[in-house]
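The values are calculated or read from the model by the stated rules, or taken from the named source; none is laboratory data. Given the structure is predicted, the values throughout are model-derived calculations rather than measurements. When we count neighbours, we look across all protein chains shown, and the Cβ atoms used for this are built from the backbone with ideal geometry, even at glycine.
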Amino acid sequence: MWKLVKTSIAIICLLSVGYVQSDVNEVLINICNIVKADDKGELRKKMKRVESDFNLKLKDYYSGISCDGDSLIRTAMLNDAVETGTLMVNKMSKRDLSAPEQDGKTVIAWASENGLDSSPIVAVLKGRI
């Protein structure tokens, strides 16, 4: 009997984790468009909703989001989205900002390789690290 109860609880937990994950994905579906449009207010609302509904901060889902193969901060740099890029840089920890991304390059190294050293986002990023 006790095994049946434990198994039932485990199944319920696993099913609810999958449900929450799909909901987070639905909420974050248009975050790339928000960053590209440089809509700081909408990005702030989106981040607050994810934090309040799912108890996740930007650092928790940042690495899982790819906008045409680039991270959110890289996307902001490529689209001259200074407001949203600056907001994300200020919300991330120094450790996360200086860590290599999926391609093994840090955001600053990637910006340098792509001729984006003069981006205001890079200046904010360097000031934070």
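State whether one or more residues within the stretch 15-32 are in a helix (DSSP H, G or I), under 26 Å from Asn90 (Cα atoms) and modelled with pLDDT of 90 or more. Taking every residue of the stretch 15-32 in turn, at least one turns out to be in a helix (DSSP H, G or I), under 26 Å from Asn90 (Cα atoms) and modelled with pLDDT of 90 or more.
Hey, any hits in the stretch 91-104 for a residue that's closer than 26 Å to Asp23 by Cβ, touching a residue at least 24 places away in the same chain (Cβ under 8 Å), assigned to a helix (DSSP H, G or I) and in contact with a Lys or Arg (Cβ under 9 Å, 6 or more places away or on another chain)? Yes.
Scanning the stretch 58-90 for residues that are over 16 Å from Gly127 (Cβ atoms), free of Cβ contacts under 8 Å to residues at least 40 places away in the same chain and not hydrophobic (A, V, I, L, M, F, W, C) yields Lys59, Asp60, Tyr61, Tyr62, Ser63, Gly64, Ser66, Asp68, Gly69, Asp70, Ser71, Arg74.
Taking Asp80 as the residue in question, decide whether it is surrounded by 13 or more Cβ atoms within 10 Å (Cβ to Cβ) and either of a type in the set (Asp, Glu) or under 22 Å from Ile29 (Cα atoms) (or both). Judged against the criteria, Asp80 is a match.
If the condition is being part of a helix (DSSP H, G or I) and closer than 25 Å to Lys45 by Cβ, then the stretch 105-129 contributes Val107, Pro120, Ile121, Val124, Leu125, Arg128. Considering every residue within the stretch 46-60, establish whether at least one is part of a loop (DSSP other than H, G, I, E, B), modelled with pLDDT under 95 and among the basic types (Lys, Arg). The answer is yes, given that some residue of the stretch 46-60 is part of a loop (DSSP other than H, G, I, E, B), modelled with pLDDT under 95 and among the basic types (Lys, Arg).
Every residue, every condition in (1) touching a helix residue (DSSP H, G or I) at 6+ places or on another chain (Cβ under 8 Å); (2) hydroxyl-bearing (Ser, Thr, Tyr), yes or no:
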position	(1), (2)
Leu43	yes, no
Asp60	no, no
Gly69	no, no
Ala76	yes, no
Ser93	yes, yes
Glu101	yes, no
Gly115	no, no
Ser119	yes, yes
